[in-house]
Structures are given as C-alpha cells and as structure tokens.
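Right, one structure below, let's go through it.
Values quoted throughout were computed directly from the atomic coordinates according to the rules given, and no laboratory measurement underlies them. Because the structure is predicted, anything quoted here is derived from the model rather than measured. Cβ atoms come from the backbone with ideal geometry, glycine included; neighbour counts cover every protein chain shown.
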Amino acid sequence: MSCLKEVTLFYYLRMMKRTIKIIKNRSDIGAGTRGSDLGIDAIEIAAINLNNKYFKEFDFEDIETENESIYNKVKNSFGKRIKSVYEQCTRLSNSVLRNIKDNHFPIVLSGDHSSALGTISGIKAANPDKRLGVVWIDAHADIHSPYTSLSGNIHGMPLAAAMAEDNMDCKINTVTQDTQNYWEAMKNIDYDGAKVLPEDVVYFGVRDTEETEDKQIEKLGIKNYMVHEVRYRGLKTCVEEALETLSDCDSIYISFDVDSMDCDLISYGTGTPVSKGFDQQEIIDIINLLIDSKKVVSIEFVEVNPLLDLKGNKMAKTAFEILDSITKKVKDYL
C-alpha cells in the first residue's frame with residue numbers, strides 16, 4: 001500500500017472512531033446570582049442517585065475557573081468581571097478547539113451561559129472555513145452588549161459577542177475604555193470577527209426579553225420559535241423549518257439553557273427562571289431531531305443552580321435525564 005493510501009486510511013479510521021468528551025466548566029462569574037458553578041456537581045449527583053454510570057462512561061476534562069474573581073472590587077458596571085469572563089471563555093475555547101481536532105464530540109457542561117461564547121469560538125476555530133449554525137434553546141435572547149445591558153451581567157451577552165454585534169443603535173450605556181477593550185477581545189477569541197451570522201441563528205423558547213433586544217432581534221431577522229408556536233404548529237414541523245433555515249450551515253451547535261423549561265412545572269433551580277416554558281420531553285425531542293440532521297458538532301448545558309432549587313435537586317435531575325437521553329442519540333449519530 002502506498003504511503004498516501006496509508007495516510008488516507010489512517011484519517012478515515014480516525015474519523016470512524018469519533019468519541020464523546022465531557023467538558024466541565026464550573027464557572028458562574030458571568031451571572032448575576034451565584035451558584036450555577038455547582039450545577040455540574042448537582043447533575044453528577046443526580047446521576048449517582050439514579051444509579052446511572054453515565055459519568056464513568058466518558059472521558060472528561062475540567063476547565064480551570066476564575067470564580068474567585070467575584071471578590072474583585074474593580075468595577076466594570078456594564079461588563080461585570082469582563083476580564084475574567086474573557087479569560088474563562090478563552091480557556092473553554094481552547095479546550096473545545098483541541099477536542100474537536102482530536103476527533104471528539106464535546107458535550108459541554110457549564111455554569112452560566114457566558115460560556116457559550118467560548119464553545120462557539122472553539123468550534124469556529126477548529127473549522128474556520130466552515131459555516132456554523134446555532135440553535136439557542138433559552139428563555140432569554142442573550143444578545144445584549146455592554147452598550148445595551150441594564151444589569152452588566154455577561155451571561156446576557158454571549159450570542160452578541162459571537163455575532164460581533166454591539167447594537168449601537170440602541171446604546172444606553174457609556175462604557176469605560178477598559179470594558180471596551182475586553183469586549184473587543186471577547187469578539188475575537190481564537191477567530192477574528194463574527195463566528196456565526198445572524199441568519200444562521202435560531203431561537204427556541206425565548207420569551208423574556210428587553211426592548212433593546214427585541215429591536216436587535218427584529219433588525220437581524222432572527223427566528224424565535226416560541227413555546228406556543230411549537231405546540232400549535234407541531235414540534236417536528238418547527239424543527240424541520242429551523243433546519244431548513246440552517247441548511248447552508250456545515251455544522252450546528254446546540255446551546256441548552258435549563259431556564260427554557262417551565263419553572264413552575266420543573267423547578268426554580270436556575271438563575272433566571274421563567275414560567276410558560278417547554279417541558280422535559282419537548283426539550284429531548286427538539287434536540288434529538290436536530291441531532292438527526294447529522295450536522296450537530298457540540299451540545300452545551302448551562303444554568304443549573306442547585307442553590308435556588310426549592311424541590312431538592314429537581315432541576316439537576318431533569319437536566320441529567322435530558323442529557324442521558326440525547327447522549328444516546330449522539331452515540332448513534334457518531
């Protein structure tokens with residue numbers, strides 16, 4: 001066999017052996033409420049209580065955190081702890097990039113949702129010439145910037161940073177030069193400029209937004225499949241339509257925030273609970289139908305906060321049951 005054929009066979013076999021890798025990112029510094037850093041451990045405890053050996057089945061990697069930065073007295077009013085969030089997202093991006101290059105399928109378990117910028121950055125850096133689609137399953141749009149955010153919490157900004165969108169038309173804040181510099185750095189983690197185009201983003205379940213976000217969503221033309229629409233038109237119909245919107249994308253990243261689920265039905269164990277959301281089975285069905293497209297390259301779970309759970313460990317248990325179910329589909333896909 002020629003050397004060229006041997007190399008080709010090696011890479012073909014390597015592709016055939018694609019495996020799941022769990023990336024644990026215990027960071028909550030982008031949120032306004034502490035506790036989502038404990039979400040990963042809560043999910044693992046739920047697995048143990050269910051006598052499920054999920055976390056012994058897959059290799060995992062722990063990302064170093066900067067959670068001690070909550071004690072930092074430096075004030076960035078409209079980008080709280082932005083330096084540390086930038087560094088955290090950079091670490092996560094490097095991990096996702098390396099694991100994709102090593103032929104792994106990263107399932108990322110994170111604290112707060114600012115982490116999504118790191119995951120998206122790593123995916124894009126791994127395949128810079130590929131077009132990336134994003135399915136954002138969340139109660140919130142997370143499309144603020146330091147120029148528009150009322151809270152300054154960066155877990156409300158990751159999608160804006162990933163699209164390199166400042167929304168200056170709706171600017172309400174005067175931002176310090178230091179914050180501006182780190183915000184620009186965040187938009188360029190491991191890949192300069194937008195990692196995803198607005199037309200390649202689809203929302204599911206977004207129902208708690210602010211006026212500046214509504215204007216930006218309308219301006220960018222991002223489709224939001226609200227809960228009532230999914231139930232009225234049919235879940236399968238909406239997911240198929242979403243996949244048609246992303247048909248020009250080479251790959252898809254799924255970001256699942258547990259607050260996309262109905263807090264009254266499931267649990268208040270998340271930083272920003274919102275009622276009238278999806279139920280557990282709807283989330284499973286949405287994600288599994290997306291996986292069936294064979295374009296999904298990474299899935300992320302965020303915002304489980306056991307400190308806020310009034311039902312014991314119910315949110316983490318629900319998140320784990322979803323994780324376990326969709327992982328079976330991922331394994332079939334790989």
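In the P(r) worked out for region 3-333, what percent of Cα pairs fall beyond 23 Å?
So the portion of pairs separated by more than 23 Å is 55 percent.
Which residue, 18, 81, 207, tops the fluctuation ranking in a GNM of the chain built on C-alpha contacts under 10 Å?
Top of the fluctuation ranking is 18.
Is the C-alpha gyration tensor of region 163-213 telling us rounded, prolate or oblate? Criteria: a/c under 1.5 is rounded; beyond that, a/b larger than b/c is prolate, otherwise oblate.
Oblate, because a/c is 1.5 or more while a/b does not exceed b/c.
Quick one: 196, 206, 330, fewest Cβ neighbours within 10 Å first, how do they rank?
Ranking 196, 206, 330 by Cβ neighbours within 10 Å, fewest first, gives 330, 196, 206.
Karplus couplings for region 272-278 from phi (6.51 cos²θ - 1.76 cosθ + 1.60, θ = phi - 60°), rounded to Hz, Gly and Pro as x?
Residue by residue, region 272-278 yields 9, x, 9, 6, 6, x, 6 Hz.
Give a residue-ordered list of calculated ³J(HN,Hα) values for region 297-310 (Karplus: 6.51 cos²θ - 1.76 cosθ + 1.60, θ = phi - 60°; whole Hz; x for Gly, Pro).
Working through the residues one at a time gives 10, 6, 10, 10, 10, 9, 6, 6, 10, x, 5, 9, 7, 8 Hz.
Can you tell me, using C-alpha contacts under 8 Å and at least 6 residues apart, the relative contact order of region 111-252 as a whole percent?
32
I need 130, 195 ordered by Cβ neighbour count within 10 Å, fewest first.
Result, fewest neighbours first: 130, 195.
Give a residue-ordered list of calculated ³J(HN,Hα) values for region 221-228 (Karplus: 6.51 cos²θ - 1.76 cosθ + 1.60, θ = phi - 60°; whole Hz; x for Gly, Pro).
x, 7, 7, 10, 8, 6, 4, 5
Add -39500 (n - 2.57) for each DSSP H run of 4 or more in the chain, then divide by its residues: what number comes out at 222 nm, to the nearest 500 deg cm²/dmol?
After summing the helix terms and dividing by residue count, I get -12500 deg cm²/dmol.
For residue 52 and residue 275, compute 0.36 nm times the residue count separating them, minus their Cα-Cα distance, and round to one decimal in nm.
77.3 nm
Of the DSSP beta bridges with both residues in the chain, give the percent that are antiparallel, rounding to the nearest 5.
Within the chain, antiparallel bridges account for around 5 percent of the total.
Using amide H atoms built 1.01 Å from N in the peptide plane, name the residues 5+ places from residue 27, or on other chains, whose amide H lies under 5 Å from its own.
Under 5 Å from the amide H of residue 27 lie the amide H atoms of 111, 112, each far enough along the sequence or on another chain.
Taking H as built 1.01 Å from N, whose amide H comes closer than 5 Å to the amide H of residue 204, not counting residues under 5 places away?
Amide H to amide H, under 5 Å and 5 or more residues apart or across chains, residue 204 pairs with 136, 137, 138, 225.
Starting from the Cα of residue 83, draw a straight line to each of the lysines and keep only those under 18 Å, dropping any in the same chain fewer than 8 residues away.
Output for residue 83: 73, 75, 187.
What does the convex hull of the Cα atoms of region 225-296 come to per residue, in Å³, rounded to a whole number?
Output value, Cα hull per residue: 86 Å³.
Sort 174, 33 so the one with the fewest other Cβ atoms within 10 Å of its own Cβ comes first.
The order, fewest Cβ neighbours first, is 174, 33.
Pairs 223/314; 56/329; 124/328; 171/219; 56/295; 56/101: which are spaced more than 21 Å apart, C-alpha to C-alpha?
Over 21 Å apart, Cα to Cα: 223/314; 124/328; 56/295; 56/101.
Taking amide H positions as placed in the peptide plane 1.01 Å from N, state which residues far from residue 278 in sequence (5 or more) or on other chains have amide H under 5 Å from it.
Here 261, 262 satisfy the definition.
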